[in-house]
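Report on the following structure.
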Amino acid sequence: MPNKTELSGDQIAGSPDYEKLVRFLIEPFLENPQTLSVNLETNPNNRKIWLRIAFDKEDRGKVFGRGGRNIQAIRTTIKTAAEAHNDSVFLDIYSDEPPQSDDSGYRSSRSSGNGRRKSSPSKPAPKIVKK
């Protein structure tokens, strides 16, 4: 069983550097990491932190990932770090356009055009006959 090591005084921090954490998690997805803008607002009384980020809209698909998996993993990582220090962190992403799913083209090619499924004539439920 491994021994628990104690942290020295210089390794213990009151709260993580959320701005650096967000930059560390998001910059690898960006073509130009210098376009990432991070705004941090804190409320020390409630221990709430609001992180607002913005980046080029061309990188939006990479940051969000298929089905939003990447951004959900980023939010989970930030939330876990915050919970370890009894903080609440909210991540907002600013953009000009609403998010779109990667498979939206697949769905639109199969739909009838008006967004509703074609309905088939209803059939009566089969009757169960006991023997």
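Derivation of every value follows stated rules applied to the coordinates shown; laboratory data play no part. What you see is a predicted model; the values in this text were computed from it and never measured. Cβ atoms come from the backbone with ideal geometry, glycine included; neighbour counts cover every protein chain shown.
What percentages make up the Cα-Cα pair-distance distribution of the stretch 18-95 when the bins are 10 Å wide from 0? Over the stretch 18-95, the share of Cα pairs per 10 Å bin runs 19, 54, 24, 4 percent. Can you tally the net charge around L30? Count Lys and Arg as +1, Asp and Glu as -1, for every other residue whose Cβ sits under 13 Å from the Cβ of L30. Every neighbour counted, the sum reads -1. One chain, two ends: S15 and W50. Fully extended at 0.36 nm per residue, the span grows by 11.2 nm beyond their Cα-Cα distance.
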